[in-house]
1. Taking 7 Å along the Cα-to-C-beta vector as the label spot, tell me the residue 350-residue 275 distance in nanometres, rounded to one decimal.
2. Two-decimal Rg/Rh of segment 433-475 from alpha-carbon positions, Kirkwood Rh?
3. Once the Cα gyration tensor of segment 374-467 is diagonalised, what are the square roots of 5 times its eigenvalues, in whole Å and ordered largest first, as equivalent ellipsoid semi-axes?
4. Nearest 0.05, what FRET efficiency do residue 337 and residue 97 give at R0 = 51 Å with Cβ-Cβ as r?
5. If neighbour count is taken as other Cβ atoms inside 10 Å, put 353, 155 in order from fewest to most.
6. When DSSP beta bridges are limited to those with both residues in segment 374-467, what percentage is antiparallel, rounded to the nearest 5?
7. Grab the beta carbon distance between residue 419 and residue 214, set R0 = 30 Å, and tell me the FRET efficiency rounded to 0.05.
8. Between residue 166 and residue 399, with labels modelled 7 Å along Cα→Cβ, what's the label distance in nm to one decimal, could you check?
C-alpha cells in the first residue's frame with residue numbers, strides 16, 4: 001500500500017496558494033532535470049509572510065501605500081520588519097518508497113470558453129524515490145484507446161467527456177482513469193495547465209532558445225478561437241517568445257504529425273528549464289511572485305497538496321540528470337488508421353507499449369489484466385453475447401459459440417450479419433461491459449479499432465460480435 005494516498009478532487013476544488021503552485025510547476029520541471037532547492041526556500045518563506053499579512057497580494061500593496069507618507073518615506077510601525085523567511089524550515093523530503101506518477105494535461109481552451117475542453121498535451125511523469133530515477137512519457141492526442149464507460153475514442157477526449165457528463169472528479173479524473181487503463185499503471189496526481197499559462201510563463205523567463213531540426217510551414221495552424229493563424233519557422237537555432245514557442249509545440253505540420261509534436265513539447269519544457277537554471281533566474285522569478293500567482297490561479301489546477309508539492313520538490317532535486325529518461329509513443333509503438341466514420345487515429349501496438357511501460361514504470365503498480373482474471377469480471381457483468389457471422393464460412397457462428405461457451409462466455413444468440421464481406425471481427429458493446437468486451441477481444445484477437453459502443457441492440461443481447469474473415473476457431477485437443 002502507498003504511504004501517500006491519492007487525493008483526486010474535482011476541478012472546481014480549492015486552489016493552492018502562490019508558493020504551493022509556484023513550487024508545483026518547478027516540481028514538474030524537476031522530474032526532467034535537477035532543480036534549485038534554495039529557490040524553494042526563498043519563495044516558500046517570502047510568500048508565507050505575504051500570505052500571513054493578506055491572502056491577496058493586491059491588498060498587501062495597498063497596505064504598504066497607506067503606510068507611506070506623501071514625501072515617499074515609510075512610516076515606522078510594529079509590522080515594518082524584515083521577512084523571516086530565511087529561518088522558515090522546509091518540510092522533510094518525500095518519505096514514501098513507492099513510485100510516484102503524475103499526469104500533466106495541457107488543456108485546449110479557446111475563445112475564453114468555459115465548457116468542457118479536450119487535452120492538447122498528455123504526459124506522464126514518473127519518479128522512483130528509492131533508485132532516484134525519473135522519466136516522462138508523452139502520449140499522442142490521437143491515440144485510439146478505450147475511455148472507461150464511454151467506449152473507444154481519441155485519448156484527448158477523456159477530459160472533455162469527464163467534464164461534459166459530470167464524471168466523479170471531473171475531466172482530469174476520467175483522463176487519469178483512461179491513462180491507467182491504457183498503460184496498466186497507477187496515476188497518483190494530475191496537473192492541468194492551459195495555453196495562456198504556457199505563453200505567459202515562457203515570456204516571464206524571457207523566452208527560450210530552441211534548435212529546430214526541420215523547417216515547418218503550417219498554413220492551417222489554429223488561432224485562439226476556431227480560425228487560422230499561419231505559422232512558419234526555418235531549421236536552425238531560434239529565440240522564441242511565449243506565443244511562438246506555443247505554436248512550435250502545438251503544430252502538427254511535419255511528417256510525423258502528432259508524434260513529432262509530442263517530442264517538440266518535451267523539447268520546449270527542457271528549454272524552459274535550461275533558461276531558468278543556466279541564468280540563475282531565481283531572484284528575478286522571486287520578484288515576479290505576484291504575477292506568477294495570477295498566472296497559476298487563472299490557469300493551473302491540480303490535486304497535489306502543498307505539503308506533497310514541497311516534499312516532491314525536495315526529492316526531485318536529488319535526481320541526477322543521467323537518471324532521467326524521456327520517451328514518446330512514436331511510430332514504433334503506434335500505427336496510422338482511419339476509423340469507419342473517417343477519423344484519422346493512432347492505434348497502439350500494445351505488445352511494444354507494454355515493454356516500454358515496464359522499462360519506465362516497472363514494476364507496474366497495477367498489472368495489465370491477464371486473460372485468466374477476466375472471467376471473474378464477466379461473471380459479475382452477466383453480459384449476454386450474440387454472434388453474427390459476417391463471412392461466407394457456413395456454420396462459423398455455431399462453432400465459435402461452442403468455443404466461447406467453453407471459455408465461460410454467455411452466448412445467447414447466433415445468426416448472420418448484414419453482410420458476408422466483413423474482413424475483420426467487430427465487437428459492439430450496447431451498454432457498459434468492459435470486462436466482457438476485453439475478454440472477447442483477447443480471446444478473438446480483435447484490434448482496438450474494431451471495438452465500439454452503441455445503444456438499442458436489435459435483439460435480446462448486451463454485446464454483439466460480428467465475426468470477420470480474420471477469425472478462425474482455435475483447435476482444441
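1. A separation of 4.2 nm, rounded to one decimal place.
2. Values: Rg = 11.2 Å, Rh = 11.7 Å.
Taking Rh as the inverse mean 1/r over Cα pairs, Rg/Rh reads 0.96.
3. On the way: eigenvalues 71, 41, 32 Å².
Each semi-axis is the square root of five times an eigenvalue, giving 19, 14, 13 Å.
4. Details: r = 41 Å, r/R0 = 0.80.
Efficiency computed from Cβ-Cβ geometry: 0.80.
5. Values: 353 21, 155 26.
Fewest-to-most ranking of 353, 155: 353, 155.
6. On the way: 4 of 17 bridges.
Close to 25 percent.
7. On the way: r = 45 Å, r/R0 = 1.48.
Efficiency, from the Cβ-Cβ distance: 0.10.
8. If labels sit at residue 166 and residue 399, their model points lie 5.1 nm apart.
Laboratory data are not the source of any read-out in this text; all were calculated from the coordinates shown. The structure displayed is predicted, hence computed values, not measured ones. Cβ atoms come from the backbone with ideal geometry, glycine included; neighbour counts cover every protein chain shown.
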